[in-house]
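Below is one structure, written out as structure tokens; the observations come after it.
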Amino acid sequence: MAAGLAWTVAAAAAAVLASWAFNALVHFVWRPYAVARSFRAQGVRGPGYRFFVGNLAEMNRLRAQSAGAALGVGDHDFVPMVQPHHRKWIALYGRTFVYWNGPTPNVCLADVGVVKRVLFDRTGLYPKNLLNPDISRLLGKGLVLTDGDDWKRHRKVVHPAFNMDKLKLMTATMSECSRSMMSQWEAQLLAAKHGDVEIELSAQFEQLTADVISHTAFGSSYREGMRVFLAQRELQFLAFSTAFTVQIPLLRYLPTAKNRRTWKLDRQVRAMLMAIIKARLASKDAAGGGYGNDLLGLMLEACAPEHGEETPPTLSMDEIVDECKTFFFAGHDTTSHLLTWASFLLSTHPEWQDRLRDEVRRECGDEVPTGDMLNRLRLVNMFLLETLRLYAPVSLIQRRAGADLELGGVRVPEGAILTIPIATIHRDKELWGDDAGEFRPERFENGVARAAKHPNALLSFSSGPRSCIGQNFAMIEAKAVVAMILQRFALELSPKYVHAPMDVITLRPRHGLPMILRRL
């Protein structure tokens, strides 16, 4: 009887192993080769699939080769440094090609007409790509990563916080935070002996934007916001370290050193955000009033049952925490890098620094800029748009084929990743002209839609119904900070600066931005 039981267990184990081996064979061998053959038959080429790793090994090799490279300060083409595989394969295979993230096909879409079809779709055919759980953990399952009815529900709650009237009211807070930062610069200048001082601006802007998002979106203190920011920044680097690896679901549950650190940081971020939320709930109960007019207050107000009703909340508490994670990251990280690259371009184009300063003096004088004043800064707006074109905070965005579908005349299988290489599109001479690689804010003189040969060529905030809900917030904050800097200081790039843009989900200077400041 014991022997019979042993045979039964062995047979069951063999059946499980056989099933696993068959599924692995299909997933890692048969399907990739069948998909690659289908694409070739349609004229879509790309680097050949390699068992298990796809093209990740070559992508990592190309990235390692460019890791120590640097550009001249007048060279804005960082694509060979951050996306060398895109530059190589577009040259070989054209604007639409297929490559492989492990066994998953990845279709690169560098044709703006095809990109528009993806980004403007309202049917749900192109959901967000959630294959990397570490990036999902960093951003939270908030407005950026939800789809379908969940996205509509989240957007209904979050959208009122970003209407223009509320954003104008936030301008005073943005200016106050900026003034605090600049007071520290002025103190350093007073202590300096030579009338100028060198300051590492990228770190300063990271702190500033964390302070702004803490106050304007969550009504919390700078100290609370910085604790969340520091934990999220470490999570960001950990998440990006997995972006060029094969995603094996089992491995994310193993207690490796990286996983344990990631889990700990995620718990810390969640605990800190819950503490901010609980403090808001307690203050509302103590005061007997509302929850406040910032993002957090509006979310809590929308989710609170009215007059003892037991209707389910619009967002659960976990979803509110995820929205907070989304906006703590997106609200400070992208804006801080916009300010960093804008300052870099101001220092390397002194003629534009003078033109913008003249406009700021004419429209704002020496006063703290108001929302109405910022609206009149036309040259500053053009300058920031060109900064976003050349140094978009996010250099690519991804969607996923939600079903077998046809896209630009090509049949794409369900589950395929669709990669939109923003940095490549922003340098396309057929779209932007022969001067696409040059810094020319004048191209935006007649607005975004007329700056290129296609009205949707600027993708810094994405495009279509899922474009960044915080883009007006980011632009108002950037205008306010740039205006206040130009009112007080002249910027000159430090000789120590090394021009080496680096992509860690968002684009940043690898070696920081040391800048020489002089008081006007």
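Values as computed for the structure displayed
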| item | result |
| --- | --- |
| Answer residue from the range 253-297, given it is among the basic types (Lys, Arg) and surrounded by 16 or more Cβ atoms within 10 Å (Cβ to Cβ) and is farthest from the chain's Cα centre (by Cα) among those | LYS284 |
| Residues that are touching a residue at least 40 places away in the same chain (Cβ under 8 Å), surrounded by fewer than 22 Cβ atoms within 10 Å (Cβ to Cβ) and either outside any helix (DSSP H, G or I) or in contact with a Pro (Cβ under 6 Å, 6 or more places away or on another chain) (or both), drawn from the range 137-168 | LYS141, LEU145 |
| Qualifying residue in the range 97-117 (condition: outside any loop (DSSP other than H, G, I, E, B), surrounded by fewer than 21 Cβ atoms within 10 Å (Cβ to Cβ), without any contact (Cβ under 8 Å) to a residue 60 or more places away in the chain and among the hydroxyl-bearing types (Ser, Thr, Tyr)) | no |
| Residue match in the range 286-305 (condition: of a type outside the set (Lys, Arg), at pLDDT 85 or above, part of a helix (DSSP H, G or I) and more than 30 Å from LEU169 (Cα to Cα)) | no |
| From PHE229, PHE240, PHE218, residue being touching a residue at least 60 places away in the same chain (Cβ under 8 Å), farther than 26 Å from ALA342 by Cα and either among the hydrophobic types (A, V, I, L, M, F, W, C) or surrounded by fewer than 16 Cβ atoms within 10 Å (Cβ to Cβ) (or both) | PHE218 |
| Of all residues in the range 30-54 being charged (D, E, K, R) and surrounded by 16 or more Cβ atoms within 10 Å (Cβ to Cβ), the one that is nearest to THR96 (Cα to Cα) | ARG45 |
| Qualifying positions in the range 55-94 - surrounded by fewer than 18 Cβ atoms within 10 Å (Cβ to Cβ), among the basic types (Lys, Arg) and either free of Cβ contacts under 8 Å to residues at least 40 places away in the same chain or over 30 Å from PRO249 (Cα atoms) (or both) | ARG61, LYS88 |
| Tabulated pairs, the range 40-54, first over 18 Å from PHE244 (Cα atoms) and in contact (Cβ under 8 Å) with a residue 40 or more places away in the chain, second assigned to a strand (DSSP E or B) and hydrophobic (A, V, I, L, M, F, W, C), C-beta under 7 angstrom, 6+ apart or interchain | GLN42/VAL410; VAL44/PHE97; VAL44/VAL98; VAL44/VAL410; ARG45/PHE97 |
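The values are calculated or read from the model by the stated rules, or taken from the named source; none is laboratory data. Because the structure is predicted, anything quoted here is derived from the model rather than measured. As a convention, Cβ positions derive from the backbone with ideal geometry for all residues, glycine included, and neighbour counts pool all protein chains shown.
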